[in-house]
1. In whole Å and largest first, what semi-axes does the C-alpha gyration tensor of the protein assembly as shown yield when each eigenvalue is scaled by 5 and square-rooted?
2. I need the inter-copy label distances for A:HIS150: point set 7 Å along Cα to C-beta, values in nm with one decimal, smallest first.
3. Let me know the shape class of the range B:2-158, please: from the alpha-carbon gyration tensor, a ≥ b ≥ c as square roots of the eigenvalues, rounded when a/c is under 1.5, otherwise prolate if a/b is greater than b/c, or oblate.
4. Return the calculated 222 nm mean residue ellipticity for chain A, to the nearest 500 deg cm²/dmol, obtained by summing -39500 (n - 2.57) across DSSP H runs with n ≥ 4 and dividing by the residue count.
5. How far apart are the B:LEU85 label points across copies, placing each 7 Å from Cα toward Cβ, in nm, shortest first?
6. As an exercise, take the mean of 1/r over every pair of distinct alpha carbons in the range B:166-244, invert it, and state the Kirkwood radius in angstroms.
7. Measure out, as a whole number of angstrom, how far apart the alpha-carbon centroids of the range A:125-199 and the range A:57-76 sit.
8. Just to confirm a number: summing +1 for Lys and Arg and -1 for Asp and Glu over residues other than A:ARG181 whose beta-carbon lies under 10 angstrom from that of A:ARG181, what do you get?
Number of protein chains: 2
Amino acid sequence: MLVDTGSCDAFGTACSHRRPRNSCVDCKVRPISVCSVLALDELAVLETLGQHLSLDKRQVLYGQEEPAEAVFNVIDGSLRLTRLLSDGRRQVMGFALPGDFLGLAREDRFSVSAEALTPVTVCRFERRAFGALVDDKPHLLRSLHERAGHELTLAQDQMLLLGRRTAEERVASFLVGLRERYARMGRASVTLELPMGRQDMADYLGLTIETVSRMLTRLDRERTVLIVPGGVRLLDPARLEALAAS
Amino acid sequence: MLVDTGSCDAFGTACSHRRPRNSCVDCKVRPISVCSVLALDELAVLETLGQHLSLDKRQVLYGQEEPAEAVFNVIDGSLRLTRLLSDGRRQVMGFALPGDFLGLAREDRFSVSAEALTPVTVCRFERRAFGALVDDKPHLLRSLHERAGHELTLAQDQMLLLGRRTAEERVASFLVGLRERYARMGRASVTLELPMGRQDMADYLGLTIETVSRMLTRLDRERTVLIVPGGVRLLDPARLEALAAS
DNA sequence: CGCGCACTTGACTTGTGTCAAACTAGGTGG
DNA sequence: CCACCTAGTTTGACACAAGTCAAGTGCGCG
């Protein structure tokens with residue numbers, strides 16, 4: 001892990017180099033992150049607590065069962081949140097994208113491990129310091145709690161998917177859900193970047209890599225999607241939503 | 001739904017009849033509920049906001065997608081939290097037991113429906129009034145948030161179970177988990193009451209009723225458990241934990 | 001006593017997993 | 001610039017865990 005000294009970000013966006021330290025006020029993800037509930041003077045305080053951190057692809061931000069000494073706000077890139085069973089079976093609990101907050105659980109140990117799928121930039125806060133700020137700002141706590149509630153709803157969606165949906169429905173549902181997430185981030189498009197590999201999708205959907213591959217091929221053959229390098233283009237989003245059967 | 005006028009509770013515990021209204025101070029589940037973080041004077045306020053409510057077996061406390069006009073604390077009995085797919089497929093998201101709080105999500109609509117599996121007593125709070133109290137008492141909000149974090153961890157356990165475990169592991173894991181929950185409620189025992197039917201277990205574990213039945217029979221035949229009317233006795237808890245493979 | 005409901009059991013089917021081989025694209029070095 | 005290597009992905013043939021369908025069993029209740 002390296003402290004970001006102001007280098008250009010991973011997706012190639014132009015970067016000013018004017019500021020030696022990160023500034024919350026013009027943070028790219030502020031409007032979609034927990035920080036959006038903070039006033040300007042509160043942001044100034046936050047700015048003194050947080051530090052940018054850059055990860056290379058495949059670097060681990062934190063590991064399952066590790067003491068949770070920090071919480072993070074994702075600025076750029078995407079991460080995989082994984083839980084491992086002792087015999088090697090893996091379940092991907094989710095993918096973190098810009099604007100997501102990591103460490104919601106507020107427990108003393110992480111319940112999943114987080115690894116970078118692409119080069120990643122996060123804003124890191126010492127748990128103690130962040131906790132003190134939260135205790136001082138009830139509206140921040142409320143915002144975190146609302147996020148936790150939303151996460152819980154998403155977790156329920158996923159339980160329904162894992163417990164009761166067919167392989168085709170899972171894959172369709174995954175693509176539709178990803179599209180909605182990108183849309184909420186302001187990246188609405190019919191072409192979806194898939195920063196995760198097939199194995200990650202499989203471990204997220206409770207399937208094998210082969211089944212995911214077969215379902216994508218099927219969707220491709222019937223012209224519902226078009227598989228492109230590094231992602232997927234949705235040719236018939238309506239049909240995909242019908243298949244997702246939510 | 002009937003307002004509890006002070007009748008004896010469903011599990012046959014003696015009931016004083018001294019009090020026309022419920023008293024938080026000597027509430028049976030206070031030590032294990034969110035209310036445990038409130039001081040005596042705060043409890044007095046809470047007492048004016050809450051009302052006991054009794055449900056018969058099979059009665060619906062609230063339905064999925066219904067506007068969430070109230071939140072609840074379970075006092076007695078057990079409920080099933082269900083999510084339904086349009087074509088009838090069902091996923092049981094969990095079972096609520098005494099001490100559990102319903103309505104954590106703090107969203108405007110319920111994401112699941114809640115039905116009584118046994119006669120149930122809950123403490124009902126108007127959402128607006130309860131929300132106002134929460135806004136006034138940050139430590140209550142923190143307690144709710146901690147609960148939400150815990151729920152999230154449990155949801156992740158369940159996702160791992162649904163995505164990656166075999167039928168036998170699921171059933172074993174369910175029994176072990178239920179035992180731990182009862183233990184935390186002060187009902188530690190090797191004999192577990194199962195207030196839910198086989199179909200509910202199946203819908204919780206992402207299996208069919210037949211598979212659940214077969215796995216229980218298998219556990220019974222190999223003397224790991226003993227199936228008794230209305231529940232299960234754990235004959236070899238260690239073996240069950242090994243099968244659960246957590 | 002007998003009806004109804006929940007549960008169990010058996011025979012068979014099937015969706016998804018497993019194993020193994022072939023393909024593809026991106027990167028590296030001769 | 002092309003040949004090779006590697007890692008990820010796709011495809012095919014086959015196996016099996018769990019689902020489906022259809023009887024049975026047993027128990028509680030009127």
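1. Numbers: eigenvalues 302, 187, 84 Å².
Calculated on Cα positions only, the semi-axes equal 39, 31, 20 Å.
2. 2.5
3. Numbers: a/c = 1.75, a/b = 1.21, b/c = 1.45.
Because a/c hits 1.5 or more and a/b fails to exceed b/c, the range B:2-158 counts as oblate.
4. Roughly -12000 deg cm²/dmol at 222 nm, from the helical runs in chain A.
5. Values, ascending and in nm: 2.1.
6. Details: mean 1/r = 0.0810 Å⁻¹.
Across the range B:166-244, the inverse of the average 1/r is 12.3 Å.
7. Cα centroid to Cα centroid, the span is 16 Å.
8. Details: positive: A:ARG179, A:ARG184, A:ARG187; negative: A:ASP100, A:GLU180.
My count for the surroundings of A:ARG181 gives +1.
Each value in this text was obtained by applying a stated rule to the coordinates, not by laboratory testing. Model, not experiment: these values are computed from the prediction. As a convention, Cβ positions derive from the backbone with ideal geometry for all residues, glycine included, and neighbour counts pool all protein chains shown.
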